[in-house]
Structure formats: structure tokens, C-alpha cells
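So the structure is just underneath, and the comments pick up after that.
The values are calculated or read from the model by the stated rules, or taken from the named source; none is laboratory data. Bear in mind that the values here come from a model prediction, so they are computed numbers and not experimental data. For neighbour counting, all protein chains shown are included, and Cβ atoms are generated from backbone atoms with ideal geometry for every residue, glycine included. Ligands, DNA and RNA are excluded from the accessible area calculation, which covers all protein heavy atoms including side chains. Shrake-Rupley method; radii C 1.70, N 1.55, O 1.52, S 1.80 Å.
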Amino acid sequence: MKKKKFRFQWGAFLMFLAFGGLFLLLFGRIVYIQITGEAEGKVMSTLAEVKYARESLLQADRGTIVDRNGELIASDTLSYRLVAVLSEDATPKNSKRVRHVVDYEKTAEILSEYIPLEKSFILDHMLDYSNKEKYQVEFGKAGRDLSHETVAALKKSKLTGLEFVEEKKRFYPNGIFASYLVGFALKEEDEEKNINTVGKMGLEATYNKELTGTNGKVEFDSDHWGFVLPKSEKLIQPAQDGFEIQLTLDKTIQNFVEDAMKRVDDEYSPDKMLAVVVNPKTGEVLAMSQRPTFNPSTREGLTANWLNDAIENTVEPGSTMKMFTVAAAIEEKKWDPMAFYKSGQYTVFDKTIRDVNRTGWGTITFLEGFQRSSNVSMAYLLERIGDRKFLEYVKDFGFGQKTGIGLPKEVSGIILDKNPSERLTTTYGQGSTVTPVQMLQAATAIANDGVMMKPYVIDKITNPNTNEIVQDEKPVEKGRPISAKTAKEVRELLASTVTSDHGTGRKFAIDGYTVAGKTGTAELPGATGKYLAGGSNYLYSFLGMVPAEDPQLVAYILVQHPKLKTGEAGSEPVAKLFKSIMENSLKYMNIVPEGIETKETIDLKDFTGKDSKEAISLLEKDGFIPVLIGDGEVINSQYPKEGVRLAEGTIVILKSEGPISLPDFTGWSKKMVLSYKMLSGLDIRINGNGYVTSQGLSTGSNIGPEDPVVVNLQEPSEIYKEVEIDEEEESIVGG
């Protein structure tokens with residue numbers, strides 16, 4: 001048998017060397033990586049972390065804005081953003097759930113019913129993105145800020161491929177409530193494509209930095225599908241919510257203002273209106289509103305005017321300025337109410353001024369002249385005071401200077417004083433300009449026995465993450481332009497304009513309360529620079545305080561160019577505003593009208609730490625009505641606090657431990673219900689204003705913090721028509 005000759009296979013040998021070399025190279029690389037933990041100069045653990053690390057955003061809430069009692073004015077609420085997934089890759093193979101849009105036609109048709117876009121636009125938009133092989137598509141502003149109800153309805157439609165991304169939306173639950181003060185915030189996209197809520201107007205813009213929170217994050221390891229890997233650690237950086245801003249506004253009084261302005265706006269359709277209410281003892285602004293206005297949630301009604309007219313616009317005050325001219329005369333001992341002067345007209349150099357009826361009322365006393373709002377009487381008073389001395393008082397009352405209310409863009413107004421005629425017209429409020437908050441600040445000196453208080457709207461600012469109070473405003477005295485004796489005399493004089501037969505303020509009388517105030521009718525400059533004349537082309541106003549003896553509220557009301565009925569005076573819509581606002585506010589504050597018998601008052605004792613039964617017995621003995629929260633044996637806290645003087649029949653709330661039995665709230669004031677809510681910690685939801693007429697759960701029900709209780713209140717004016725209520729019931733004397 002012939003032996004086969006061995007033939008060397010060069011091709012096979014070369015392949016062996018190639019593959020063997022590759023194997024040795026790969027094996028060596030693996031050994032190197034295992035030893036060093038590095039690949040391509042990078043640590044493998046870092047590469048794995050980059051691949052599998054995930055980050056989840058913890059979105060911070062924008063800070064809330066609340067009223068003086070903690071009731072909500074602005075906050076963040078949950079909303080949704082619509083995303084339509086178009087790519088078939090979104091649906092895994094063999095998956096029973098379809099995660100992308102299948103029926104474009106049906107999807108466009110149903111979406112058009114829930115978002116403000118036409119079906120044809122939605123369809124073309126989705127098809128265009130699909131043709132470009134885009135993974136998903138959004139719908140701009142129309143697909144954002146969707147409500148929970150809209151999302152729920154779309155989910156029920158069984159459409160495929162729709163995703164709803166949770167977002168935060170700014171929420172203004174009270175609609176047009178103080179909108180030019182509060183302002184609004186909108187979502188904006190920054191340079192890094194992040195969506196943030198940014199204040200654009202009012203307090204939302206002024207305190208945007210304080211209100212804006214800092215987002216947090218959760219970092220974790222996940223697999224390819226995004227699921228958290230076993231034993232992976234989560235690193236949590238908590239979100240820091242924005243600061244809470246508590247205002248001096250009282251939601252109830254603000255609602256009285258808004259309701260009254262709506263009624264007058266509907267009846268008279270004026271070009272403009274403004275109403276501001278202040279506590280003269282402290283300078284706290286309790287309400288501030290203007291017309292036209294807008295809804296901050298939708299911006300509906302917002303025009304080219306973005307100015308808060310109370311601080312950013314000036315007006316000629318008209319005859320309301322006369323109260324400060326008279327105050328200066330009284331302080332300088334130049335006021336003689338029973339002295340006579342010739343009314344009608346007065347000439348200084350080339351300037352002749354006239355009374356409102358041009359011919360005057362003959363020779364009358366200065367008292368009658370003030371009550372009739374005579375311009376000529378102011379001219380003779382200026383002679384007595386001296387124009388330079390008068391201007392000193394104008395400055396002392398704060399005119400021509402910013403009040404420092406704490407809001408941006410405040411203007412100072414202009415006091416004309418270049419020549420004698422300008423100083424003369426300033427005495428009765430023509431030519432020179434002021435802001436409404438300046439008028440209110442000056443009026444606090446008259447209402448507060450000569451002590452002028454700076455107006456302010458921010459009560460305090462709190463960091464909710466630490467409960468630290470970062471800004472705490474207190475009442476600030478701005479000066480003492482007049483004495484307490486002068487202030488009292490001016491109030492009596494102002495009250496006479498309401499009670500006198502020929503007083504211009506007769507329409508402003510309120511049953512049961514003494515009103516002190518001054519009307520104003522200011523001319524309006526036209527497009528040519530000249531004053532408009534005739535008809536209702538005026539700015540009608542009233543600066544008033546109640547009760548006249550010891551004012552608790554001061555209000556400044558402006559109505560510009562109302563559409564008056566035949567025979568109506570311009571003061572009519574102003575009076576309707578003032579009376580409605582003040583009467584409801586005074587009753588809400590438990591300020592007792594005259595003519596109602598007052599009861600003896602007693603200093604409240606301190607019952608904290610005492611036995612519950614003993615405390616109840618002692619309160620009943622003193623004629624009070626004790627209400628116990630909980631069934632514990634020891635009193636932990638009480639409202640009102642020790643030392644407050646209370647009238648017989650006043651409710652006193654005592655707090656102990658244990659289950660809570662619901663009391664009968666019928667007839668309670670809103671203030672008392674809020675106090676009970678604060679002490680008990682119950683979820684009491686107040687519906688309406690005034691006094692309680694009904695409640696959702698019956699008296700004696702055992703409830704906890706998780707059980708909501710709806711309490712219905714009715715406006716004071718309506719209650720007083722229907723039932724007789726003891727005005728002292730549940731009131732705190734002087735509070």
C-alpha cells in the first residue's frame with residue numbers, strides 16, 4: 001500500500017494562528033479588566049452606573065399664598081400633560097397591552113372633544129410626526145394643564161397610546177379675588193428645556209424667588225426596562241417647597257368687596273372702580289380690589305392695564321382732600337366753625353375758583369361750608385393757615401412720598417406748589433395727585449387719634465420646610481401729623497357731613513353705626529389735556545371710617561364715569577359700595593351696632609391645666625358658654641386666651657385629649673368656627689360667609705381629622721332679615 005505524502009496546509013495554519021491570537025488577546029483583555037477594573041481607560045463600574053443609573057425628579061411645590069387666617073388664595077395643584085405615543089416599538093412583542101396609537105382617525109376625533117384643537121389639526125399633527133418616525137408627539141398649550149376629570153374621561157375612551165404626565169399647575173380657587181394684588185404665575189421653558197412656574201404679575205412676580213421651590217431627586221440603579229435592580233441603594237435629595245406668604249387680607253372682607261363691586265359694576269358699568277379697606281390701628285390692608293379685573297387662572301379679563309391702581313396709578317383726590325386741610329386748620333387753631341364767609345367764588349391773582357353750584361349759598365358758616373363741600377371755604381382757610389405752613393402738613397400726612405407698602409412700582413404722586421393758585425387748588429384736591437394708599441395712610445392719623453400707620457399687605461413669610469419665619473411684618477408708625485384732640489374733632493366734623501341736612505355724605509349713613517367721611521368729585525383730564533365736563537365725566541369717591549367714635553375700619557372707594565340713571569347723583573354707586581362693604585364687615589367683626597343693649601363684660605380666666613368639669617362649671621357660673629374639644633380630664637388650651645374681656649353668653653372653647661364630639665355650630669361667626677378648627681385639627685370646610693346656618697354632620701357625632709365636615713354660612717345682611725341674633729353672641733368685646 002502506497003503511503004500518503006503529508007502536505008502542509010498553510011491556509012488552515014494561518015486561520016489557526018489568527019483565531020488563536022484573537023482568543024489569546026480576548027482572554028488577556030478579560031484578565032486585565034478583572035485585575036484592573038478598567039476598560040478603554042474607564043472604570044467599568046462607572047460605565048455600568050452610567051448605563052443603569054436612573055434619576056427620578058421630586059418636584060417641589062411653589063409656595064402658597066394665604067390670607068390672615070390661613071385660608072388659601074394661591075397654591076399648586078395636580079394637572080396632566082397629554083402625550084400620544086406613535087412608535088410601534090413602544091409595544092413589546094407578544095404584549096397584550098398596546099402602548100402606541102393604532103387608530104389615528106378615532107384618536108383625533110375623541111381628543112378634539114376634550115382639548116381645544118380641531119380634529120383635522122390633531123390628525124395631521126400625529127401623521128406628520130409619524131411620517132418623520134418620531135416616537136411621540138405633544139399638543140402644546142392645548143395638551144397641558146388637563147384636569148383630573150378630563151384625564152379620567154379620556155382613559156375611559158379606551159384609546160391606545162395616550163400617556164398622561166403628572167405636572168403642577170398654579171391654582172387660584174377664588175377666581176377674581178384681589179387679582180391685581182395677587183397677580184398670576186405661568187409655566188415657562190428655560191434654556192435647558194425645563195418647565196418652571198414663573199410669577200408674571202403682582203405678588204407672584206414680586207416674590208417669585210421666595211415662592212419658587214427647589215426640585216429634589218431620587219437616584220437608583222435599574223435594568224434596561226427601568227425597573228429598580230435588587231439590592232440597589234436609593235439616594236434621595238428631598239424637594240424644598242417654596243415659602244408660604246401670609247397676607248394681611250381677610251378673605252371674608254375681601255369677598256364682601258368683590259361681591260359689592262360686581263353688583264355695582266353690573267348696574268352702572270363704570271370705566272373704573274377701586275375699593276381698599278384698612279385697619280387704621282395697624283395699617284393692615286384687609287381688602288383691595290379694582291375693576292376692570294381678571295381671573296388669574298385663565299387671565300380672562302386681563303387688558304393692557306397691568307397696574308395695581310391702589311399703588312401704581314395716581315388720581316386727583318377731589319374734595320376728600322378737604323379733611324386734611326381742615327385738620328391742618330384745627331391743629332393750627334385757625335378753625336372757627338361758626339365764623340361766616342361769602343361762598344360762591346374766590347379769586348387769587350388771575351385764578352378764580354368757584355363752588356360746585358358756581359353761585360354758592362350766600363354767606364354761610366365754615367361748618368356749613370365744609371358740610372356742603374365748598375371749595376371757597378378752603379381758600380379762606382388757606383389764608384388763615386398760610387400756604388407754606390399748609391404744604392408742611394401735606395408733607396406730614398405723607399403726600400408726595402411713597403408709603404413703603406412693600407409692593408414694587410409704587411408711585412409718589414405730585415404735589416403742585418410752584419405758584420399760589422396751585423397751592424390753593426391742592427386744598428380741595430385738584431391739580432395735585434395722590435395714590436389711594438397715600439389717602440388711606442393719611443386717614444389713619446384721623447382715625448387713630450393722630451398716629452399715622454404705614455399700610456402693609458404682607459403679614460409674614462414662612463419656610464414650610466423648616467417652619468422658620470423668614471419675614472415677620474409688624475405695624476409701623478409713620479408719624480403724628482396732628483394731635484389726638486384734633487383727630488377727634490375732625491372725626492366729629494366728618495360725621496356731620498353724613499348726618500347734616502345739607503351734608504354731601506347723607507347717602508353714606510349706615511343703620512346702627514356712625515360714619516365719618518368725606519365725598520369727592522374730581523374732574524378727569526381728557527385726551528386734549530383739558531378737563532372733561534358735564535354728565536358723569538368725573539371720578540366720584542368717598543374716604544370714610546366706622547364707627548366714627550373709635551374707627552375700626554377705613555375704606556377708600558373710587559368710581560370713575562358710571563352710567564347713571566336719570567336723576568341719580570354720582571355718589572350713588574359709591575355709597576352702595578361703601579355701605580355694603582362696611583356694614584357686612586363690621587357685623588362679621590362682631591362690632592355691635594348702636595341701640596343694641598350691651599352686657600357686662602368679665603375678664604376671662606386661665607383654665608389650662610385645670611380639671612375639665614371644674615373649668616366648665618366655672619365658665620357657666622360666669623355666664624359663658626363652654627365648648628369642650630375631646631373628653632379628657634385636663635384642659636390643654638383655650639380660646640380666647642386669659643385676660644380677654646368677654647360679654648355674658650360668649651362661647652369659650654376648651655381643648656382636652658380624647659375623641660371629639662361635634663358641637664352645634666348654628667349661629668357661630670366664621671371667626672369662632674376658624675378658631676374651633678384650629679384648636680381641634682378637624683377637617684372643617686367652610687362654605688360661605690357670615691354666620692353658620694347648617695352643618696354636614698349632626699351634633700354629637702364622634703369624628704376625627706380624616707372626617708370632613710361642611711359648615712354652611714350665610715351673609716350677615718341676609719341673616720338679620722330672617723332671624724333675630726344677639727349681636728353680642730360669641731363676640732369678643734373690642735375684638
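Observations on the model:
- Cα centroid of region 543-592 to Cα centroid of region 609-676, whole Å: 36 Å
- Relative intensity of the chain on a log10 scale, I(q)/I(0) at q = 0.06, 0.07 Å⁻¹, equals -0.52, -0.67, per a Debye sum over C-alpha point scatterers of equal strength in the absence of solvent.
- On a per residue basis, the chain carries 50 Å² of accessible surface, using protein heavy atoms and a 1.4 Å probe.
- Percent carbon-and-sulfur accessible area, region 578-697, ignoring ligands, DNA and RNA, probe 1.4 Å: 48 percent
- Relative to the Cα centre, the charge distribution of the chain, modelled as +1 at Lys and Arg Cβ and -1 at Asp and Glu Cβ, gives a dipole magnitude of about 3340 debye.
- Region 97-154, accessible surface, carbon-and-sulfur percent (1.4 angstrom probe): 47 percent
- Per residue, the convex hull spanned by the alpha carbons of region 471-579 comes to 184 Å³.
- In percent, rounded to a whole number, the relative contact order of region 468-580 is 20, using alpha-carbon pairs under 8 Å and six or more apart.
- Estimated from helices alone, the mean residue ellipticity of the chain at 222 nm is -9000 deg cm²/dmol (sum of -39500 (n - 2.57) over DSSP H runs with n ≥ 4, per residue).
- When only the Cβ of Lys, Arg, Asp and Glu is charged (+1, +1, -1, -1), the dipole of region 47-168 relative to its Cα centre reaches about 420 debye.
- Annotation: peptides 450-459, 158-167, ranked by per-residue average of other Cβ atoms within 10 Å with the highest first, follow the order 450-459, 158-167.
- As a rough guide to protection, the peptides 83-90, 102-109 ranked by mean Cβ packing within 10 Å, highest first, stand as 83-90, 102-109.
- Förster radius 30 Å - calculated FRET efficiency between GLU149 and ASN465, Cβ distance, rounded to 0.05: 0.40
- Over 23 Å (Cα to Cα) - which of LYS281/LYS474; LYS169/LYS200; LYS158/LYS217; LYS460/LYS671; LYS507/LYS565; LYS474/LYS610 fall in this group: LYS158/LYS217; LYS474/LYS610
- For region 344-392, the fraction of 1.4 Å probe accessible surface lying on carbon and sulfur atoms is 44 percent.
- Area projected by the alpha carbon convex hull of region 157-207, averaged over all directions, nm²: 5.8 nm²
- With 0.36 nm allotted per residue and the present C-alpha distance subtracted, the VAL98-ASN357 stretch has 85.0 nm of extension available.
- Which of THR650, LEU682, VAL198, positive extreme of dipole for the chain (C-beta unit charges): VAL198
- Using the Cβ of ASP501 as centre and a radius below 12 Å, the other residues enclosed give a net charge of +1, where K and R count +1 and D and E count -1.
- Relative to the current alpha-carbon distance between TYR135 and PHE349, full extension at 0.36 nm per residue lengthens the span by 68.8 nm.
- Angle in degrees between helix 670-680 and the longest Cα principal axis of the chain, rounded to the nearest 10: 40 degrees
- C-alpha long axis of helix 10-36 to longest principal axis of the chain, angle in °: 40 degrees
- Angle in degrees between helix 387-396 and the longest Cα principal axis of the chain, rounded to the nearest 10: 40 degrees
- Signed unit charges on C-beta, dipole axis of the chain, positive-most listed residue SER130, ASN313, GLY242: SER130
- Note on region 546-638: Cα Rg divided by 2.2 N^0.38 Å, N the number of residues, gives 1.83.
- Percentage relative contact order, the chain, counting C-alpha pairs under 8 Å, at least six apart: 10 percent
- Point-to-point label distance, ASN636-GLU383, nm (Cα→Cβ direction, 7 Å offset): 7.3 nm
- Förster-model FRET efficiency, 25 Å R0, LYS563 and ALA509, C-beta, rounded to 0.05: 0.50
- Only Lys, Arg, Asp and Glu carry charge here, each on its Cβ (+1 for the first two, -1 for the last two); on that basis region 381-479 has a dipole of about 260 debye about its Cα centre.
- Peptide ranges 279-285, 390-396, 185-191 listed from the most packed, as the mean C-beta count within 10 angstrom indicates: 279-285, 390-396, 185-191
- For the pair SER661 and ASP683, a Förster radius of 25 Å applied to the C-beta separation gives a FRET efficiency near 0.95, rounded to the nearest 0.05.
- Selection from GLY344, LEU381, GLY161 lying farthest towards where the dipole of the chain points positive, charges on Cβ: GLY161
- Pairwise Cα inverse-distance average, inverted: Kirkwood Rh of region 363-463 (Å): 15.2 Å
- The spacing between region 392-412 and region 319-373, judged by their C-alpha centroids, is 26 Å.
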